[in-house]
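Colleague: I have a structure I would like to understand better, so I am pasting it below and will then ask my questions one at a time.
The values are calculated or read from the model by the stated rules, or taken from the named source; none is laboratory data. Because the structure is a prediction, the values reported are computed rather than measured. Neighbour counts run over all protein chains shown; Cβ positions are idealised from the backbone, glycine included. Side chains included, ligands, DNA and RNA excluded: accessible areas come from the protein's heavy atoms. Shrake-Rupley method; radii C 1.70, N 1.55, O 1.52, S 1.80 Å.
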4 protein chains.
Amino acid sequence: MSRNTFGHVFRFTTWGESHGPALGAVVDGCPPGIVLTETDIQPFLDARRPGQSRFTTQRQEPDQVRILSGVFEGRTTGTPISLMIENVDQRSKDYSEVARAYRPGHADYAYDAKYGFRDYRGGGRSSARETASRVAAGAVARLVIPEVFILGYVSAIGGDAIDPAAFNPAEIGRNPFFCPDAKAAERWEALVDKARKDGSSLGAVVECVATGVPAGWGAPLYAKLDAELAHAMMGINAVKGVEIGDGFAAAANTGEGNADPMRPGNDGPIFTANHAGGIAGGISTGQPIVVRVAFKPTSSILTPMPTITREGEATELFTKGRHDPCVGIRGVPVVEAMMAAVLADQKMLHRAQCG
Amino acid sequence: MSRNTFGHVFRFTTWGESHGPALGAVVDGCPPGIVLTETDIQPFLDARRPGQSRFTTQRQEPDQVRILSGVFEGRTTGTPISLMIENVDQRSKDYSEVARAYRPGHADYAYDAKYGFRDYRGGGRSSARETASRVAAGAVARLVIPEVFILGYVSAIGGDAIDPAAFNPAEIGRNPFFCPDAKAAERWEALVDKARKDGSSLGAVVECVATGVPAGWGAPLYAKLDAELAHAMMGINAVKGVEIGDGFAAAANTGEGNADPMRPGNDGPIFTANHAGGIAGGISTGQPIVVRVAFKPTSSILTPMPTITREGEATELFTKGRHDPCVGIRGVPVVEAMMAAVLADQKMLHRAQCG
Amino acid sequence: MSRNTFGHVFRFTTWGESHGPALGAVVDGCPPGIVLTETDIQPFLDARRPGQSRFTTQRQEPDQVRILSGVFEGRTTGTPISLMIENVDQRSKDYSEVARAYRPGHADYAYDAKYGFRDYRGGGRSSARETASRVAAGAVARLVIPEVFILGYVSAIGGDAIDPAAFNPAEIGRNPFFCPDAKAAERWEALVDKARKDGSSLGAVVECVATGVPAGWGAPLYAKLDAELAHAMMGINAVKGVEIGDGFAAAANTGEGNADPMRPGNDGPIFTANHAGGIAGGISTGQPIVVRVAFKPTSSILTPMPTITREGEATELFTKGRHDPCVGIRGVPVVEAMMAAVLADQKMLHRAQCG
Amino acid sequence: MSRNTFGHVFRFTTWGESHGPALGAVVDGCPPGIVLTETDIQPFLDARRPGQSRFTTQRQEPDQVRILSGVFEGRTTGTPISLMIENVDQRSKDYSEVARAYRPGHADYAYDAKYGFRDYRGGGRSSARETASRVAAGAVARLVIPEVFILGYVSAIGGDAIDPAAFNPAEIGRNPFFCPDAKAAERWEALVDKARKDGSSLGAVVECVATGVPAGWGAPLYAKLDAELAHAMMGINAVKGVEIGDGFAAAANTGEGNADPMRPGNDGPIFTANHAGGIAGGISTGQPIVVRVAFKPTSSILTPMPTITREGEATELFTKGRHDPCVGIRGVPVVEAMMAAVLADQKMLHRAQCG
């Protein structure tokens, strides 16, 4: 069974394939009366948009969003908001090779195993192009949680991490890597350029911090805030790991080392550390929510790899054409969008039960 | 809003607090005709049961499960299976201190912030005791997927990891740590003993591998197999990180290094590596499903920590009484149970859509 | 797939069979801080309880409810509320006949066709005894909507209807039929007595009115308040029809005759009629919510009826033993409970979206 | 909270307003490999399309459907199927009066009470125009259940019923009323013409029969087949009552009169009556599924009715412009579509649990 709806009360359903006429999202459950126009959504799509530097795929998509329903006189009505993005640059190339054999590391084989059949053009539904729909829906979600500020960035590429001491949020928009450390951005330029020229690819780590989340959001036990975030992030294309707060480092720590002591503050407790990443018992504590997401290197590389055909014959395949040398870079707006979607949903869930 | 149901078509709802009269699970959607008695469930509860070694909490709970519905003449009828476990050893101690102030690192403050009020006896609903219900439900899930073999173990405690070369599944049952490496188990004995005596605690990493999962399970895009596993695992008490396959290591790799090439085999492709952990595009590939889960150190320690009272006054608190020095150890049966629950659900979801 | 959970945010999951050890409900999503003890639930179970007059089944069940979780110091904590009712009077009779052949009009054949197998003792899960769980859950739901007053009653038995002009709510509790018309109650006594003595049975209509529901509850388009009520009511055992407001009479009317004009009032509009039964566009209008529910006559009768055995052989069967001569009578507390459950859920859904 | 998704595993989400640029449905969970083109959907939209006779609204909408995703090389891929219908004939009339005051009997007041605000153009989201999306989704659902034949028709208008003895399915397509009784169709022509000329409107009853449904579909207890049908039908615009099988007539009957005896047949039992309408215990019995749906008269009439303005002042309103004199007529394709959607969903639910 296909499950293309995300969320409990703030929900969105996405549709569309890489090479179909369009893709989109239907956002359901949005509160009424929120000011919303295409210009509230477009900047986030622009941030995710391909073809803006030599470090992302050269596919040219304007990714212009249209609002088809749910908004009247510039405000949300409480009814479904249908968002549509037309595909423009579906290059009419020859897909016979991808149709014939499975690209290793891609979803090709798994889709065929599941459905007996697949739309092989550009990966069809499994293409990262679908994340444009998420970004559009996430832009609406942001408007539901104006009290929250979400900041995502790349913290490592190919194992080369930023220096936390050099962290400067103003840098994030100044380089093509969403990198908050100017020196790391310089190093990555060389690193990604080399990968690109070699026809190789690199993994990356994206971090995302949400500040302004009040204590009390989260729906224990099986829609805990951290569980929902893990679900949201692990469902993004190419993601293989998710951490909240200290994550795996906590597993190597002691109780004393991992403690988040509290002292009195004017607006609730002041925590003197945030190993927990802002979540305890699945519920927000009022501290910043901290999520870390591991993106694998793009599977599309120029080195030929052994694989099999649909008929089960041995063959070799390498991926021609346009692709991201480091898919994690463009993951930043997607991670932010999913953070926003989870928080909007949890805010509304909390309001339902706790008034 | 509280959300105490897990799963889409194979679903279970848990209830119960640490110090209430009982706790339980209602398993809904189980296929009919499966042979099921309490003896199919009890061994898994026994594996999770506290008080079996000095390395776990000394609370003595027999954790005897009773089946109250959904089974007739020894077979499931397709109707809800109600499982109940009575609490026996709720020590009638003085909880006034925990009632008065928030234990740092625990869910105490977050529950109060959310609900305005909490059952403070032993952590109430946020106690790891609830995981007994999950283990019981997971035992039923296992019967839905007889083709799958699930193996969980601890791979690191306090940063001390097993030697993969020494991996021996037969060792797992021979030590109190679910450790597959005999030498590591020896080291951990000293390590955990020291933490216990110091009133400290340690984090741990649990790995879980499911073999026998056919290619094709997974419900893209928002109930992907990996996303569902991340959700299931991150929702377990004390978990802060989840990896599928190589996880964060993939983020430091190249496309060539991370590739899983295929060659023809008799029963589908043979993959010559499994960096992906058995999942591509959110769908199983037929390779072993590999999940890695980070447990933080138990927050209950004997070192006094600064905290605040319900009234917002500064105070100090340390946790007297029984607790696990390394909660990750007893996490193994819980991780296995959640793996089983996700796979049973995905098997049925797949059957619904793809026949 | 079995689906034993009702509701979206205020949800309950029921379990249990007619002749198992117990049955129960897990109520999830209940707001915290509500005063709740068994005595808030028991009166509603007592109203539904069998064996209280000669007009209902003679099975003797005390139907004592126990709260096993979710309540601390007399108040709801926001965690799941587990309610359990033990079965006491499961008569150890000989079920071989029911095991062998299908009782016409009962769910026997359908359950076998679906599950390949069934718990034949007293109807198993399909027994109206399950409605005790709904009544218990509904009692909790009532506490979520203190602003609403729910009144159910029988308006017709075997085609003999009450006189609307004689409607007196005070009468409802004075006769064994939940009848608001004293004269009708007298007639029904003779009518139901005759059916009982003849080993026959009678259908009934139950009406239920909820006052105090503010305008604005309802979740269009596919969880409309009227659609949710229809779902809730049609799912009660033996129900074959549901009307909102004028129901089928509206289908025989004209636009003028069916109009509900409005004029200004102090608290929102005053409607000068209520053909709509308090719902427009799936949303409450502030008028009383009016639902009418048709119960078929109990299928268990003493007249032998042709049927088939599990092996497909022709046979005859009549239902020995205890049964309700008019199952609709005891439907009143069940209809009220489902009304409460729907309204509590819709109140919380509304709060989630509209604050 | 808005809930614009219908179904459990075969699900569709609709969006769009009467006077927006377009409306549509996203069908999720459809099995892969089904042959599907626009021509499989268009005939059903054509049957529902307005402006085809003088007995329906004169709004001219071609209702051309486009498939935007989920189909590749003419077959469903198992991914979401996005269906879009552009609005063409949104007459640019003056809506100031409807914006200012509430049309009695319409959802205007309720939407304002809920959302504080509404799209008043043509009823916005509450317009029956939304049902085009359902009809499109239902056309896809039909392809999931090729074993089932669905036949809907109008059985009464304004209280004037068809003669069951004159029932002829071939007649249904020969008159503008979906009427299976030629003589009734003649009478209705006069009846509806008069209502139309008087600026009045009439209610109607729609019956729908599904044959070919095997025994065993239905998900007890809270997604029973009859409960799901009641939910689906009561959620259609203007519906006020739903019956399964004999419905309210069963409430006036005796156990003997309402019995459905069985005798052996070659393919399961032969039922010698079908008072139950093909459903027992919420599960299909293999007999035809029979549903009866009451549509109220269109609220839009030319007789001025007292109402109030948004500011709460008394005023009068009558509905100018185009409308259906009997909205039940065009309800037939919608009832059929919802029947198909419920059955497709239940088929897949059954397959999930019972293989």
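Colleague: In whole angstrom, note down how far apart the Cα centers of the stretch A:1-77 and the stretch B:31-77 are.
Modeller: Each part's Cα centre sits 47 Å from the other's.
Colleague: What is the helix-to-structure angle for A:38-48, meaning the angle in degrees between its Cα long axis and the longest Cα principal axis of chain A, kept from 0 to 90 and rounded to the nearest 10?
Modeller: Around 60 degrees separate the two axes.
Colleague: Over both sides of the D-A contact, add up the buried accessible area with a 1.4 Å probe and give it to the nearest 100 Å². Could you put the intermediate results ahead of the total?
Modeller: Working: alone 16580 and 16560 Å², together 29600 Å².
The D and A chains share an interface burying roughly 3500 Å².
Colleague: Still on this structure, I have one more. Report, as an integer, the average count of C-beta atoms from other chains found within 10 Å of each Cβ along C:292-301.
Modeller: The shielding value for this peptide is 6.
Colleague: Related question: With a probe of 1.4 Å, find how much accessible area the stretch C:5-354 has per residue, and write the answer as a whole number in Å².
Modeller: It amounts to 30 Å² per residue over the stretch C:5-354.
Colleague: Taking a point 7 Å out from Cα toward Cβ as the label site, list the nm distances between B:Pro43 and the same residue in every other copy, smallest first.
Modeller: For B:Pro43, the inter-copy label distances come out at 5.2, 5.7, 6.0 nm.
Colleague: Could I ask something else about it? Suppose a student asked you for the relative contact order of the stretch D:5-354, using Cα pairs under 8 Å spaced at least 6 residues apart; what percent would you report?
Modeller: Answer for the stretch D:5-354 is 23 percent.
Colleague: Here's another thing I want to ask about it. Can you work out which chain B residue has the shortest Cβ-to-axis distance for the rotation that carries B onto D, and give it in Å?
Modeller: Nearest to the symmetry axis by Cβ: B:Ala352, 2.
Colleague: Continuing with this model, one more query. Just tell me how shielded D:99-109 is by partners: mean number of partner chain Cβ atoms within 10 Å of each residue's Cβ, no decimals.
Modeller: Per-residue shielding by partner chains comes out at 5.
Colleague: While we're on this one: Just to compare against my own numbers: the Cα pair-distance distribution for the stretch D:5-354, 10 Å bins, whole % per bin, please.
Modeller: 5, 24, 32, 25, 12, 2, 0
Colleague: Any idea what the B:Tyr95 label distances to the other copies are, label 7 Å down the Cα→Cβ vector, nm, shortest first?
Modeller: Result for B:Tyr95, in nm, nearest copy first: 3.9, 5.6, 5.9.
Colleague: Let me ask another. To test your reading of the geometry: what angle, between 0 and 90 degrees and rounded to tens, separates the Cα axis of helix B:331-354 from the longest principal axis of chain B?
Modeller: 40 degrees
Colleague: Using the crude model of +1 on Lys and Arg Cβ and -1 on Asp and Glu Cβ, and no other charge, please compute the dipole size for the stretch B:257-355 relative to its Cα centre, in debye to 20.
Modeller: Its charge dipole is roughly 180 debye.
Colleague: So, by mean Cβ neighbours within 10 angstrom, what's the order for C:270-278, D:13-21 with the highest one leading?
Modeller: Ranking, from highest mean packing down: D:13-21, C:270-278.
Colleague: Continuing with this model, one more query. If the label for A:Lys194 sits 7 angstrom from Cα along the Cα-to-Cβ line, what are its distances to the same label in every other copy, in nm to one decimal, shortest first?
Modeller: Spelled out, the distances from A:Lys194's label point are 4.0, 9.1, 9.8 nm.
Colleague: Could I have the simple spin-label model distance between A:Glu38 and C:Thr211, label points 7 Å from Cα toward Cβ, reported in nm to one decimal?
Modeller: Calculated label separation equals 5.3 nm.
Colleague: In addition: Which order do peptides A:74-87, D:64-77 fall in by mean Cβ count within 10 Å, highest first?
Modeller: Descending mean neighbour count gives A:74-87, D:64-77.
Colleague: What size of dipole, in debye to the nearest 20, comes out for chain B about its Cα centre when the only charges are +1 on Lys and Arg C-beta atoms and -1 on Asp and Glu C-beta atoms?
Modeller: Values: 36 positive and 39 negative charges, 123 e Å.
Computed charge dipole of chain B: roughly 600 debye.
Colleague: Okay, moving on. State whether the stretch B:94-236 is rounded, prolate or oblate according to the following rule on the C-alpha gyration tensor (a ≥ b ≥ c being the square roots of its eigenvalues): a/c under 1.5 gives rounded; otherwise a/b larger than b/c gives prolate, and the remaining case gives oblate.
Modeller: Oblate.
Colleague: Pop out the carbon and sulfur fraction of the accessible area of the protein assembly as shown as a percent, whole number, probe 1.4 Å.
Modeller: Its accessible area is 52 percent carbon and sulfur atoms.
Colleague: Is there a simple number for the mean count of other chain Cβ atoms within 10 Å of the Cβ of residues in B:83-90, and what is it?
Modeller: So the per-residue partner count for this stretch is 1.
Colleague: Using a Förster distance of 56 angstrom, determine the FRET efficiency expected from the C-beta separation of C:Glu186 and C:Glu311, and round it to 0.05.
Modeller: Working from the Cβ atoms, E equals 0.70.
Colleague: Need the per-residue list for the stretch B:194-217: every residue with at least 30 Å² less accessible surface in the complex of protein chains than in the chain by itself, probe 1.4 Å, sorted by number.
Modeller: Residues shielded by partner chains are B:Ser200, B:Ala215.
Colleague: Given a Förster distance of 35 Å, report the FRET efficiency between B:Glu97 and C:Glu147 from their Cβ-Cβ distance, rounded to the nearest 0.05.
Modeller: 0.35
Colleague: Above 19 angstrom, tally the Cα pairs of the stretch C:1-132 and express them as a % of all pairs, no decimals.
Modeller: Numbers: 4947 of 8646 pairs.
Pairs farther apart than 19 Å: 57 percent.
Colleague: Which of the lysines could a cross-linker bridge to A:Lys197, judged by Cα under 28 Å and excluding same-chain residues fewer than eight apart?
Modeller: Cross-link targets: A:Lys93, A:Lys183, A:Lys240, A:Lys296, A:Lys320.
Colleague: Count neighbours as other Cβ atoms within 10 Å of each site's Cβ, and list the GluC sites (Glu not before Pro) in the stretch D:293-323 that are DSSP loop with at most 12 such neighbours.
Modeller: Numbers: sites: D:Glu311, D:Glu313, D:Glu316; in loops: D:Glu311, D:Glu313.
Loop-located and lightly packed - D:Glu311, D:Glu313.
Colleague: For helix A:225-234, report the angle its Cα long axis makes with the longest principal axis of the Cα atoms of chain A; keep it between 0 and 90° and round to the nearest 10°.
Modeller: Helix A:225-234 sits at roughly 10 degrees to that axis.
Colleague: Further question on the same structure: If I take R0 = 60 Å and measure r between the Cβ atoms of B:Asp267 and B:Lys320 in this structure, what FRET efficiency does the formula 1/(1 + (r/R0)^6) give, to the nearest 0.05?
Modeller: 0.60
Colleague: Based on alpha-carbon centroids, what's the gap between the stretch B:142-212 and the stretch A:249-279 in Å, whole number please?
Modeller: Here the two parts' Cα centres lie 27 Å apart.
Colleague: Please list A:144-156, A:163-175, D:324-336 highest first by mean number of surrounding beta-carbon atoms within 10 Å per residue.
Modeller: D:324-336, A:144-156, A:163-175
Colleague: Return the distance in nm (one decimal) between the two label points of a simple spin-label model at D:Glu73 and B:Gln90, each offset 7 Å from Cα along Cα→Cβ.
Modeller: Between D:Glu73 and B:Gln90, the label points sit 6.2 nm apart.
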